[in-house]
Amino acid sequence: MGRPRVGGRYLLFLKDIHKGKDLTILSAYELRDEKVFELTEDGSPGKVLLSRTPNKPDSFSDEQELLQTIRKHDSVDPKIGNLHLTIPTPTTR
């Protein structure tokens, strides 16, 4: 997984560990220029867009569409507070 850089905007998916005392990053993406990029190992701006199919941009590549999908389909477990997220396959337009 890549490294975030100072001043960047990121979308992080986290999981609690050590009985909820710590968090680990499951996946992380950079939000830049209204697009969603995979992080780079050296912290430089990424060039690879997030998508279901490599090198083929889709709705996951667009920052606003991805964030709207996440907000629409997330839910919180009331017992432990964990966010559960299922991103459905988009319908054909």
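Among the criteria (1) within 18 Å of Thr69 (Cα to Cα); (2) surrounded by 15 or more Cβ atoms within 10 Å (Cβ to Cβ); (3) of a type in the set (A, V, I, L, M), the one Leu39 does not fulfil is (1). The residues of region 11-36 that are surrounded by 15 or more Cβ atoms within 10 Å (Cβ to Cβ) and of a type in the set (Phe, Trp, Tyr) amount to a single one, Tyr29. Could you identify the single residue in Glu63, Glu41 that is within 11 Å of the chain's Cα centre (by Cα) and on the phi < 0 side of the Ramachandran plot? Matching residue, one of Glu63, Glu41: Glu63.
Would you confirm, using the coordinates I've provided, whether Ser75 is polar (S, T, N, Q), modelled with pLDDT under 85 and either closer than 18 Å to Leu31 by Cβ or assigned to a strand (DSSP E or B) (or both)? So Ser75 fits the description; yes. The residue of region 1-60 that is modelled with the highest pLDDT, among those that are part of a strand (DSSP E or B) and among the acidic types (Asp, Glu), is Glu30.
The values are calculated or read from the model by the stated rules, or taken from the named source; none is laboratory data. Given the structure is predicted, the values throughout are model-derived calculations rather than measurements. Here the Cβ is made from the backbone with ideal geometry for all residues, glycine too, and neighbour counts use every protein chain on show.
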